[in-house]
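**Q** Pasting a structure here, questions to come.
The values are calculated or read from the model by the stated rules, or taken from the named source; none is laboratory data. Only a predicted model underlies this, so the values are computations on that prediction, with no experimental measurement involved. Glycine also receives a Cβ, built like all others from the backbone with ideal geometry; neighbour counts cover every protein chain displayed.
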Amino acid sequence: MKKFLVARPPVLSRVEKYKPLKAFFANPADDPLSRIFSVDWVTYNVDVWVELLGHLKDKPNLRYLEIGVYEGRSTAWMMNNIFTSPTSHITVVDIFPGEAEERFVANLKIAADYKGELNVLKGPSQSILKNLPENSFDVIYVDGDHTAPGVLADAVLAWSLLKEGGILIFDDYEMRLDLDELDLPKVSVDAFVYIYQDQLEVLHYFYQYIVRKKHQSEIEATRLDKTLRLTDKNGLFGSASNNSLSRFVLRLGERIWSKRPKFF
Ligand SMILES: C[S@@+](CC[C@H](N)C(=O)[O-])C[C@H]1O[C@@H](n2cnc3c(N)ncnc32)[C@H](O)[C@@H]1O
């Protein structure tokens, strides 16, 4: 697959200085939450989350979906910092092996101050997501099955559950373990972003990959822009994307073509 065919924003400069894996395991000495959580997969993401989700804090009626919650540390952070309105609705999905579900719920009672609704779903996300309502979530965090097939399935299913304008976060995009690439998220995130490029805007990529689902009107404008570029092989329209006359002519042509008599 060709790389960088999707327009990506510059990496947020503040984030470049992060050393994600350094803060991996909670150090009891400097982590106030280490008595509740055994591991910290949150702290090194916080600046980016505040930057890209901060405008949602206290907003009523938001719906958040988290795929893969483990002990609940990221869920608790989202509850305390973004989905703070009592009208928030959070759905979590995890296979919850052993006693994990009880531990997750108990941890949230201590670590989170949440007054909204919580829907805990146990099972593989690839089955559970199929039964959730389409276009219904404002933010979705994909952090469950980290294999390439698992991430690809979660991405595609989650995309249909996300509202227009909603935000999709992939964790561990740059995870570098000594594993086959098909056991890591990166190839799937790259494939997903490439295939869905007309429908999304890349907000951030570094250790995490974060995209926004475009509104239908934006998608149509992107497609029109691409069509203009393709049809304008001789450069007659100059910079096609900025040329309102060429847009008008193309729209007119499309309308006439769509109303043509159909004989077959
Ligand atoms: C890295 S942990 C999540 C960490 C959490 N988001 C945090 O930052 O604190 C991954 C979780 O995904 C869950 N998981 C793995 N495969 C899954 C699947 N197919 N469906 C749902 N959950 C899955 C695991 O049980 C585990 O709890």
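**Q** Taking L224 as the residue in question, decide whether it is at pLDDT below 95, crowded, with 17+ Cβ neighbours inside 10 Å, on the phi < 0 side of the Ramachandran plot and not aromatic (F, W, Y).
**A** When the stated conditions are applied, L224 passes them.
**Q** Filter the stretch 42-55 for residues that are in contact (Cβ under 8 Å) with a residue 24 or more places away in the chain and surrounded by fewer than 20 Cβ atoms within 10 Å (Cβ to Cβ); which is nearest to the ligand (Cβ to nearest atom)?
**A** V42
**Q** Taking the stretch 173-192 on its own, how many of its residues are farther than 15 Å from G68 by Cβ and in a helix (DSSP H, G or I)?
**A** Of the stretch 173-192, the ones farther than 15 Å from G68 by Cβ are 174, 176-183, 186-187, 190-192.
With the extra rule that they be in a helix (DSSP H, G or I), the set shrinks to 181-183, 186-187, 190-192.
Within the stretch 173-192, residues that are farther than 15 Å from G68 by Cβ and in a helix (DSSP H, G or I) number 8.
**Q** To continue, here is another question. Does at least one position in the stretch 53-61 carry a residue that is farther than 17 Å from F170 by Cα, acidic (D, E) and either part of a loop (DSSP other than H, G, I, E, B) or outside the structural domain of F170 (by TED's automatic domain parsing) (or both)?
**A** yes
**Q** Do you know which residues across the stretch 115-140 are touching a helix residue (DSSP H, G or I) at 6+ places or on another chain (Cβ under 7 Å) and within 15 Å of the ligand (Cβ to nearest atom)?
**A** Matches in the stretch 115-140: V120, L121, K122, S125, Q126, L129, K130, L132, V139, I140.
**Q** Within the stretch 91-106, is there a residue that is near the ligand (Cβ under 9 Å from one of its atoms), surrounded by fewer than 16 Cβ atoms within 10 Å (Cβ to Cβ), not in a strand (DSSP E or B) and not aliphatic (A, V, I, L, M)?
**A** Within the stretch 91-106, one or more residues are near the ligand (Cβ under 9 Å from one of its atoms), surrounded by fewer than 16 Cβ atoms within 10 Å (Cβ to Cβ), not in a strand (DSSP E or B) and not aliphatic (A, V, I, L, M).
**Q** Of a type in the set (F, W, Y) and within 30 Å of E254 (Cα to Cα) - does that describe any residue in the stretch 193-206?
**A** Yes, that holds for at least one residue.
**Q** When L129 is evaluated against the numbered criteria (1) farther than 18 Å from A158 by Cβ; (2) surrounded by 20 or more Cβ atoms within 10 Å (Cβ to Cβ), which criterion, by number, is the only one it fails?
**A** The number of the failed condition is (1).
**Q** List the number of the failed condition for Y141; all other conditions in (1) more than 16 Å from the chain's Cα centre (by Cα); (2) of a type in the set (S, T, Y); (3) in a strand (DSSP E or B) hold.
**A** Single failed check for Y141: (1).
**Q** Going by the structure shown, is D171 surrounded by fewer than 20 Cβ atoms within 10 Å (Cβ to Cβ) and of a type outside the set (K, R)?
**A** no
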